[in-house]
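Notes for the one structure printed next.
The values are calculated or read from the model by the stated rules, or taken from the named source; none is laboratory data. Just so it is clear, the model here is predicted, and its values are computed rather than measured. Reconstructed Cβ throughout: ideal geometry from the backbone, glycine too, with neighbour counts over all protein chains shown.
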Amino acid sequence: MPEKKENKEKIPKNKEQKKNKKLPEKDKKTKMEERIEKKIGEKIKELKKEIEERKSVKKKLKIKERRISQKPLLGKKEIEKKIIELGEGGNPASKIGTILKEKYNVYSIRELLGKTITKVLREKKIYSKLPEDLMNLIKKAANLLEHMEKNKKDQTAKYGYRLTISKIRRLSNYYKKKGAIPKEWYYSEETAKLLVR
């Protein structure tokens, strides 16, 4: 008769065996080492901030040096005439500023004339009734309306349209308080389409 194999019972591991096991590298780190690592990380972040601040200061200095070295090609009266010409051409204040900066080396109109481009345009009654940032938001809303008419199932466009309307309302309330817009003015889809046209 073949001898029966004895069932080897699994012996439970002792606590001593568990203690003798090799711990992973993460568990080996002490609290002191963790604190040191945190401090090193904080110092690295502080150094990065200092470097970024220095870079920004250097950029500002370079811009000032360019302004000093590159004198404007036009005089005060010529700058005013140019602003009026560009305003009559239908250019907004931001575009007029970029044109003067790139072509005629006029970096700051406030320093030269003592007033902004918008004030110059308002004096000559060329400036639009609504401010530029509000007009840009209305144009965005009108473009979204056209897109929604073609694509009625586009939910992201609907959400974007709601956000733009909320921005328009907040800006309009601010300008009403300031007196830049009449208090009777309000936003509607029809006005948006008319203004964009």
Is it the case that some residue within the range 160-182 is more than 22 Å from the chain's Cα centre (by Cα) and β-branched (Val, Ile, Thr)?
yes
Give the residue, chosen from 130, 137, 112, 144, that is surrounded by 13 or more Cβ atoms within 10 Å (Cβ to Cβ), more than 22 Å from the chain's Cα centre (by Cα) and assigned to a helix (DSSP H, G or I).
112
Exactly one of 2, 12, 72 is more than 24 Å from residue 132 (Cα to Cα), in contact with a helix residue (DSSP H, G or I) (Cβ under 8 Å, 6 or more places away or on another chain) and either at pLDDT below 80 or part of a helix (DSSP H, G or I) (or both), and that residue is 72
Among (1) in contact with a His (Cβ under 8 Å, 6 or more places away or on another chain); (2) outside any helix (DSSP H, G or I), the one test that residue 107 misses:
(1)
